[in-house]
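Shown next, in structure tokens, is the structure this report addresses.
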Amino acid sequence: MSTDVVRIRTGVYHDSVSLMRVSQALTALPGVEVAVVAMATELNRDIAVELGFDLPQTGPADLLIALRSSGSDVLESADAELERLLTGLAGRTAGATAAERPPRTVRAAARGHDATLALVSVPGPYAFAEALDAVEAGLSVMIFSDNVPVEQEVLLKKRAGELDVLVMGPDCGTAVIGGVGLGFANVLRPGPVGVVAASGTGAQQVTCLLDLAGVGVSHVLGVGGRDLSADVGALSTLRALEALDADPATELIILISKPPAPEVADVVREAVSKLGTPVVTALLGPGQGDLTAATETALRTLGVPVPAWPSWPSTVPSPPGATRAPGASAAFDAPDSSGPPGASAAFDAPDSSSPPGAPDPSGSPGAPGTSGSSGSPRRTLRGIYSGGTLCVEARLIAGTGEFTDFGDDAYTRGRPHPMIDPSLRLEALAEVPPGAVVLLDVVLGHGADPDPSVRLTPAITAAVARGMPVVVVLVGSFGDPQGLNAQAEALHAAGATVFTSNARAAGYAADIVANAL
């Protein structure tokens, strides 16, 4: 019989990511069925209640500990591990002298130092005040926080323009400044390419492909996913382009965005035409090119050969004719007419046979996943993503299916990002009906899950066993701490077909669906 224990600690605060990792460590202990260690916000309380815990009255500044174990002996060992983990968190500042203790404001932190950049990562309702404090102190600021009202974003960026600093974000997931990665950051070699990105995972996809081709970056300036919206008007994008254009280490700029407002895209293109540095634009949308196409254009512009992007084919055949990304356009904006058209409309299929669970490609009546005389349902495509831009790109390329971005604000309010905690995606994967084709992303790098394959491979194995082909785009560099090859091989061994190009993964998954119709 399970035993529940709920404890509340007042006057104790730790950030959500640290507490999430404590919860994961406790859940991994033998005999521990559920562990929730989190600040007692309304959302975290709701999660604990949904899990069946009876909670006392709490406030959002209280630390909530809820454990369910198989017995008192298990609970005792879990308690000991909990104390060890929390003591480690508290030890970061314990014993420090008054002079050594962290400052209480951004301005205080900047005072007396040569700081030029502040990183804000607090719950969305509090991010504006901290970011404005940084801007008023003359600092550029990266706002990792999401759930920040767009009106506050506009005010921040206008004030930053007046003070000649840059606001990256809100919801800026990744940046690289002078070789230093911030947020979700891949290990990238230094090089001549500067990136401006209204997209975190879009920037990671492009920079990782560049790295796989042996090309490095000077800076990656994230500007937040809404920057090219009509409300924001590319306020940070225009400043970031100017900054990279003035940077002697940047020989080529790549501009990346989720689908922009048309009138804002026109303003940005006009600004690009006036820069002295060549620019490759990857503004996603119907009829536009994909991120792999943009990367290949950049490589050719630099005179670098385009490599065969690494992939790990499944051990069971893939559909014949899987040779291009359906719905993908060869169109893209090259810096000049020397960029060859059609740079990435085609991709190499992993092999010539069918992926796990794929139907008979002949489409004979009654074949699984077809609409033959047996009445079997047609295959569908289910995209389960952690990266918003990757999700948008895959949807555009596939032209069919149901796609969910679990990194959207609606899913991250009070929760760790799915690149850290895959729980919601695992639940969604378990609910996909048999016979569907699953497409998902796995993003590596600092800040992301230290070993994503550990939790994903059992779910992938189970999905393949239920007749679902699983296609994975693995975004990472060979220098990432998780190990690109190790992660790919683990996912492949579980039955997935693995690509390093999201465009090619989406095209391949869509071809499975098309060949089953």
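The values are calculated or read from the model by the stated rules, or taken from the named source; none is laboratory data. All of these numbers come straight from a predicted model, not from anything done at the bench. Please note: Cβ atoms are built from the backbone with ideal geometry, for glycine as well, and neighbour counts cover all protein chains shown. To get the accessible areas, we keep the full protein, side chains included, count just its heavy atoms, and leave off ligands, DNA and RNA. Shrake-Rupley method; radii C 1.70, N 1.55, O 1.52, S 1.80 Å.
Do you know which residues across the stretch 449-474 are under 22 Å from Val17 (Cβ atoms) and in a loop (DSSP other than H, G, I, E, B)?
Asp449, Pro450, Asp451, Pro452
Restricting attention to the stretch 1-47, which residues are open to solvent by less than 50 Å² (accessible area, probe 1.4 Å), small (Gly, Ala, Ser) and in contact (Cβ under 8 Å) with a residue 40 or more places away in the chain?
Listed by number, the residues that qualify are Ser18, Ala25, Gly31, Ala35.
Tell me which residues, restricted to the stretch 17-35, are closer than 22 Å to Ser145 by Cα and either in a loop (DSSP other than H, G, I, E, B) or touching a strand residue (DSSP E or B) at 6+ places or on another chain (Cβ under 7 Å) (or both).
Within the stretch 17-35, Leu19, Val22, Ser23 meet the criteria.
Evaluate the following for Val223: is it of a type in the set (Val, Ile, Thr), modelled with pLDDT of 95 or more and either touching a Leu at 6+ places or on another chain (Cβ under 6 Å) or under 17 Å from Asp171 (Cβ atoms) (or both)?
The answer is yes for Val223.
Given the structure, is Leu456 buried (at least 20 other Cβ atoms within 10 Å of the Cβ), under 26 Å from Asn44 (Cβ atoms) and over 16 Å from the mean Cα position of the chain (by Cα)?
For Leu456, the condition - buried (at least 20 other Cβ atoms within 10 Å of the Cβ), under 26 Å from Asn44 (Cβ atoms) and over 16 Å from the mean Cα position of the chain (by Cα) - is not met.
Return only the number of the condition from (1) part of a loop (DSSP other than H, G, I, E, B); (2) open to solvent by 10 Å² or more (accessible area, probe 1.4 Å); (3) closer than 20 Å to Leu210 by Cα; (4) not hydrophobic (A, V, I, L, M, F, W, C) that Ser477 does not satisfy.
It fails just one condition, (2).
Looking only at strands (runs of 3 or more DSSP E) that fall completely inside the stretch 105-204, which ones have 2 or more residues that are surrounded by fewer than 24 Cβ atoms within 10 Å (Cβ to Cβ) and of a type outside the set (Val, Ile, Thr)?
In the stretch 105-204, 117-120, 180-183, 190-198 are the strands (runs of 3 or more DSSP E) which contain 2 or more residues that are surrounded by fewer than 24 Cβ atoms within 10 Å (Cβ to Cβ) and of a type outside the set (Val, Ile, Thr).
Inspect the stretch 87-94 for any residue being open to solvent by 70 Å² or more (accessible area, probe 1.4 Å), of a type in the set (A, V, I, L, M), at pLDDT below 90 and closer than 20 Å to Asp421 by Cβ and give the result as yes or no.
Scanning the stretch 87-94 turns up no residue that is open to solvent by 70 Å² or more (accessible area, probe 1.4 Å), of a type in the set (A, V, I, L, M), at pLDDT below 90 and closer than 20 Å to Asp421 by Cβ.
If I filter the stretch 213-220 for residues that are buried (at least 24 other Cβ atoms within 10 Å of the Cβ) and out of contact with any Lys or Arg (no Cβ under 9 Å at 6 or more places or on another chain), do I get at least one hit?
There is at least one residue in the stretch 213-220 that is buried (at least 24 other Cβ atoms within 10 Å of the Cβ) and out of contact with any Lys or Arg (no Cβ under 9 Å at 6 or more places or on another chain).
Do the conditions hold for Ala160, that is, is it in contact with a helix residue (DSSP H, G or I) (Cβ under 6 Å, 6 or more places away or on another chain) and at pLDDT 95 or above?
Yes, satisfied.
Given the conditions (1) part of a strand (DSSP E or B); (2) crowded, with 24+ Cβ neighbours inside 10 Å; (3) of a type in the set (S, T, N, Q), and given that Thr292 satisfies all but one, which numbered condition is not satisfied?
(1)
Within the stretch 51-58, can one find any residue that is modelled with pLDDT of 90 or more, outside any helix (DSSP H, G or I), open to solvent by less than 10 Å² (accessible area, probe 1.4 Å) and under 14 Å from Arg9 (Cβ atoms)?
No, the stretch 51-58 contains no residue that is modelled with pLDDT of 90 or more, outside any helix (DSSP H, G or I), open to solvent by less than 10 Å² (accessible area, probe 1.4 Å) and under 14 Å from Arg9 (Cβ atoms).
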